[in-house]
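One structure is given here, and the rest of the page talks about it.
The values are calculated or read from the model by the stated rules, or taken from the named source; none is laboratory data. The structure presented is a predicted model; accordingly, all values stated were derived computationally and were not measured. Backbone-built Cβ (ideal geometry, glycine too); neighbour counts: all protein chains shown.
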Amino acid sequence: MHWFYLLQHWLAYETGSENTAGAPPNYNFWSGFGSDLGEATLIAAVLGTFKKHNCHTRWCWRIGHHAFKDPLTGVEYNLCRKHHPLHPGRRQITQNDIDEMGRMLNGEH
């Protein structure tokens, strides 16, 4: 159990949780390591929002603004304008494009 005390002391010292003479309780923690918790929370929120709203196609980094309901499984996906089979663009969508999109959404390559 001596190793646990050493680990606890090291962790308290490195994060600033160990109180020092003349400083308010946990001042070192909140002015050092603890101040980074808010930044980590903001980064996690941005990454989580991006993950929720990006295109469902694998390796596509675009934001998925268009809902697409798979006729075979009934699952609704968020797709960008490049990968949505029915998005009005400069070219006509063929049946081959729709079949390819179905294979991509079902995990077949």
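Things to note:
- Qualifying residues in the range 3-56 (those that are β-branched (Val, Ile, Thr) and touching a Phe, Trp or Tyr at 6+ places or on another chain (Cβ under 9 Å)) - the one nearest to residue 78 (Cα to Cα): 15
Okay, residues lined up against (1) assigned by TED's automatic domain parsing to the domain that holds residue 106; (2) at pLDDT 85 or above; (3) not β-branched (Val, Ile, Thr):
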| site | (1), (2), (3) |
| --- | --- |
| 6 | no, yes, yes |
| 16 | no, no, yes |
| 24 | no, no, yes |
| 45 | no, yes, yes |
| 49 | no, yes, no |
| 84 | yes, no, yes |
| 89 | yes, no, yes |
